[in-house]
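*Asks:* One structure coming up, written as structure tokens, with questions to follow.
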Amino acid sequence: MDYYGSQITKLIEELSKLPGVGSKSAQRLAFHIINMPVEQVQSLADAMVHAKTGVKYCRECFTLTDSDLCPICSSEKRNHKVIMVVENTRDLAAYEKTGKYEGVYHVLHGAISPMLGIGPNDIKLKELMQRLQGDVEEVIIATNSSLEGETTAMYISKLIKPTGIKVTRIASGVPVGGDLEYIDEVTLLRALEGRTEL
Ligand code: ZN
């Protein structure tokens with residue numbers, strides 16, 4: 001039954017499509033939004049639309065950014081000879097939060113999963129191999145320690161080995177099956193420092 005009126009119901013419906021937002025949270029958010037000053041609601045809506053339409057892939061590392069080259073790739077302070085391979089932009093953000101990693105990244109946008117029919121051509125792997133034709137000393141594979149993450153790590157290390165570039169894998173301080181983005185910074189740093197050569 002539509003006891004809120006169709007516009008409120010529509011807002012609740014749209015909000016409940018977001019990940020992690022159940023119908024109760026959606027209601028709470030909807031009523032919060034309705035009580036916000038209209039300028040604030042407008043600025044929230046604008047931010048969402050601008051982020052969606054303005055965001056693209058960095059031409060170097062494929063992270064999500066709003067310029068041609070992301071701030072990390074365009075920074076002279078970063079070591080461009082060390083590339084950390086991560087599954088997604090959220091994992092990159094997790095490592096950036098530690099503030100201790102000085103290399104650059106490569107974002108795969110997924111992991112190889114025969115079960116889900118995701119093959120090497122479905123992630124940004126060709127693009128990684130192209131980058132390795134430049135001056136690269138080490139590739140740190142920081143995919144998740146899930147089955148897909150491990151499969152991807154093995155696949156990448158086999159591809160890179162013949163090039164003679166050093167390939168390392170972050171240590172298993174990261175719990176098995178754990179998503180990097182949920183792991184605390186100390187554990188992430190320990191995993192990075194304890195990386196082993198593949
Ligand atoms: Zn970049």
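*Asks:* Let me spell it out: the conditions are (1) without any contact (Cβ under 8 Å) to a residue 24 or more places away in the chain; (2) of a type in the set (Lys, Arg); (3) near the ligand (Cβ under 10 Å from one of its atoms), and Lys126 meets all of them except one. Which number is the exception?
*Replies:* Result: Lys126 passes all but (3).
Condition check ((1) of a type outside the set (Val, Ile, Thr); (2) at negative phi; (3) modelled with pLDDT under 95) across all residues:
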residue	(1), (2), (3)
Ser113	yes, yes, yes
Met129	yes, yes, no
Gly134	yes, yes, yes
Glu137	yes, yes, no
Ile140	no, yes, no
Glu150	yes, yes, yes
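*Asks:* Sticking with this structure for a sec: Just name the residue that is nearest to Glu185 (Cα to Cα) out of those in the range 44-100 that are surrounded by fewer than 17 Cβ atoms within 10 Å (Cβ to Cβ), acidic (Asp, Glu) and away from the ligand (no atom under 13 Å from the Cβ).
*Replies:* Glu76
*Asks:* Sort out which residues of the range 1-33 are assigned to a helix (DSSP H, G or I), over 29 Å from the mean Cα position of the chain (by Cα) and among the hydroxyl-bearing types (Ser, Thr, Tyr), and write them in order of number.
*Replies:* Answer for the range 1-33, where residues must be assigned to a helix (DSSP H, G or I), over 29 Å from the mean Cα position of the chain (by Cα) and among the hydroxyl-bearing types (Ser, Thr, Tyr): Ser6, Thr9.
*Asks:* OK, next. Looking at the structure I just gave you, is Gly173 surrounded by 16 or more Cβ atoms within 10 Å (Cβ to Cβ), modelled with pLDDT under 80 and more than 15 Å from Ala111 (Cβ to Cβ)? Let's see the steps before the verdict.
*Replies:* Numbers: surrounded by 16 or more Cβ atoms within 10 Å (Cβ to Cβ): yes; modelled with pLDDT under 80: yes; more than 15 Å from Ala111 (Cβ to Cβ): yes.
Judged against the criteria, Gly173 is a match.
*Asks:* Sticking with this structure for a sec: Can you work out which of the residues in the range 117-141 that are touching a Leu at 6+ places or on another chain (Cβ under 7 Å) and assigned to a loop (DSSP other than H, G, I, E, B) is nearest to Phe62 (Cα to Cα)?
*Replies:* If we take residues in the range 117-141 being touching a Leu at 6+ places or on another chain (Cβ under 7 Å) and assigned to a loop (DSSP other than H, G, I, E, B), then Lys124 is nearest to Phe62 (Cα to Cα).
The values are calculated or read from the model by the stated rules, or taken from the named source; none is laboratory data. Computed from a prediction, not measured in an experiment: that's the story for all the values here. Don't worry about glycine lacking a Cβ; one is built from the backbone with ideal geometry, like all the others, and counts go over all protein chains shown.
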